[in-house]
Every structure is written in C-alpha cells, then in structure tokens.
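Visitor: Sharing a structure, written as structure tokens. Questions coming.
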Amino acid sequence: MVDLSVHDPRIRQDIRYATTDNFMKERLYPVARCLVLLPVAESLKSVQTELEAQGLGLKIYDAYRPLVVQKKMWARVPVEGYVANPAKGSNHNRGAAVDLTLVDADGRELPMPSAYDEFTERAHRDYAGGSEEERHNRWILEEVMERNGFKGLRSEWWHFDYRDAKSYPVLDVPLEAVPAEAPGSDR
C-alpha cells in the first residue's frame, strides 16, 4: 500500500474516521492516513489530473480501513449496503475502495444530494431529488471515476470500489504501521 498524501499530494484529504465527524461519532483511526493499493493510487492520480482540467479535484474521506475498525462499525450498524459485514470483509479492508467527493480549485466541497455517511435515500446514486447542481456534481464524480477503473456503490454516492477489488486480500494492518512511500519511489 502507498500513502496517497505522498504519492499524489494534489489530492485533498479529510479522513473522517480519524475525527469524531462521522456516523459513529467517535475517533476510529489513531492517525489520519489515506492508504491505498498502488494501482488504486495510480487511478486516483489519473482522476485528479482529469478533474484539474475542469477546475476541480478530489477530496478523500476514507480509504484503507483495518479489519478491527470494520468489526467495530458492524457491531454498531449491522446493515449491509451501508456497512460491510467483517466476516466477508470490505473493499476498504483490501485497500481497494475510497470514499470521496469533488472540490473546486480552492478545495471547497461541491454540493451533493446528501452529506457523507448519511444513510438515507438521498445518498443513493439513483436519488432523483436534491438540486440539479447536486445531481450534476454526483454525475461528474461517477463518470470520471468509472472512466478510471472504479465502480460506485448503489447506496452511497461517495463510495467507489476499484476494479477487481475482491481479488485483493482483507488486511488488518494498523494505519500507523504502514511505512510512508518516499516521493518519486516506484513501489
């Protein structure tokens, strides 16, 4: 896995599970790190480059998630479609899923039909409500992510799985235990 802040510092981050600003209302990560598999990082770099041509960019809310955290989430919200059953593992546990949104050139989040981690119909990809601007922003995000090898989760506009995500193993490595990638390294 690579640390996205080193691999592509253009991509903004707001790692919500390292704060209390999340659906669990507690800090689940000891550090705010955005770790992903190298092919995921390369695809996200392509997404960022494509968005920058439109005056936009990405902001990551979550990426790799240790299995121990997945178990804690499942204990609180055992609802598949919103929280993955740790017995199966989440693609976040594989380093092959990201939760993210669009930002403008100044880093301000663009309006979306719902807040991040809002477990309502408004979060669904096919939600027809909200403003035209919110639906358009959701569409831009989905289109650029799909062109770069990601598939969205039906119930969460912010969640994207990398192609072949299930082919990677479920991991339970602490976030702070993964070494940072050196700038310009080939790993």
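The values are calculated or read from the model by the stated rules, or taken from the named source; none is laboratory data. Fair warning: this is a prediction, and the values are worked out from it, not measured in the lab. Here the Cβ positions follow ideal geometry from the backbone for every residue, glycine too, while neighbour counts run over all protein chains shown.
Visitor: So is ARG12 at pLDDT 95 or above, over 15 Å from VAL170 (Cα atoms) and out of contact with any Lys or Arg (no Cβ under 8 Å at 6 or more places or on another chain) or not?
Guide: No; evaluated as a whole, the condition is false for this residue.
Visitor: Is one or more of the residues making up region 92-105 surrounded by fewer than 22 Cβ atoms within 10 Å (Cβ to Cβ) and over 16 Å from the mean Cα position of the chain (by Cα)?
Guide: yes
Visitor: State all residues of region 16-27 that are of a type outside the set (Phe, Trp, Tyr) and surrounded by fewer than 21 Cβ atoms within 10 Å (Cβ to Cβ); if no residue qualifies, say none.
Guide: Correct list: ALA18, THR19, THR20, ASP21, ASN22, MET24, LYS25, GLU26, ARG27.
Visitor: Another question, then. In the set LEU35, LEU110, which member is at pLDDT 95 or above and buried (at least 21 other Cβ atoms within 10 Å of the Cβ)?
Guide: None of the other options fit; the residue is LEU35.
Visitor: Follow-up. Could you list, in sequence order, the residues of region 40-84 that are within 25 Å of ARG138 (Cα to Cα), part of a helix (DSSP H, G or I) and touching a residue at least 24 places away in the same chain (Cβ under 8 Å)?
Guide: VAL40, ALA41, SER43, LEU44, LYS45, SER46, VAL47, GLN48, GLU50, LEU51, GLU52
For every residue, the table says whether it meets (1) assigned to a loop (DSSP other than H, G, I, E, B); (2) within 26 Å of GLY89 (Cβ to Cβ).
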residue: TYR127; (1), (2): yes, no
residue: GLY130; (1), (2): yes, no
residue: ARG138; (1), (2): no, no
residue: VAL144; (1), (2): no, no
residue: PHE160; (1), (2): no, yes
residue: PRO169; (1), (2): yes, yes
residue: ASP172; (1), (2): yes, yes
residue: GLU176; (1), (2): no, yes
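Visitor: So, in region 55-107, of the ones that are among the hydroxyl-bearing types (Ser, Thr, Tyr) and within 18 Å of PHE23 (Cβ to Cβ), which residue ends up modelled with the lowest pLDDT?
Guide: Here the answer is TYR82.
Visitor: Taking the residues in region 174-187 that are within 25 Å of MET145 (Cβ to Cβ) and surrounded by 10 or more Cβ atoms within 10 Å (Cβ to Cβ) as candidates, determine which candidate is modelled with the lowest pLDDT.
Guide: GLU181
Visitor: Still on this structure, please answer the following. For region 136-148, which residues satisfy the criterion of being surrounded by 19 or more Cβ atoms within 10 Å (Cβ to Cβ) and either under 17 Å from ALA63 (Cβ atoms) or free of Cβ contacts under 8 Å to residues at least 24 places away in the same chain (or both)?
Guide: Within region 136-148, LEU141, MET145, ASN148 meet the criteria.
Visitor: Of all residues in region 118-148, which are under 15 Å from the mean Cα position of the chain (by Cα) and farther than 15 Å from PHE160 by Cβ?
Guide: Hit for region 118-148 is GLU118, nothing else.
Visitor: Also, I was wondering about something else. Farther than 19 Å from VAL144 by Cβ, surrounded by 13 or more Cβ atoms within 10 Å (Cβ to Cβ) and of a type in the set (D, E, K, R): does that describe ARG12?
Guide: no
Visitor: Let me ask something additional. Any chance region 147-154 includes a residue that's of a type in the set (Gly, Ala, Ser), modelled with pLDDT of 95 or more and over 21 Å from ARG16 (Cβ atoms)?
Guide: Within region 147-154, one or more residues are of a type in the set (Gly, Ala, Ser), modelled with pLDDT of 95 or more and over 21 Å from ARG16 (Cβ atoms).
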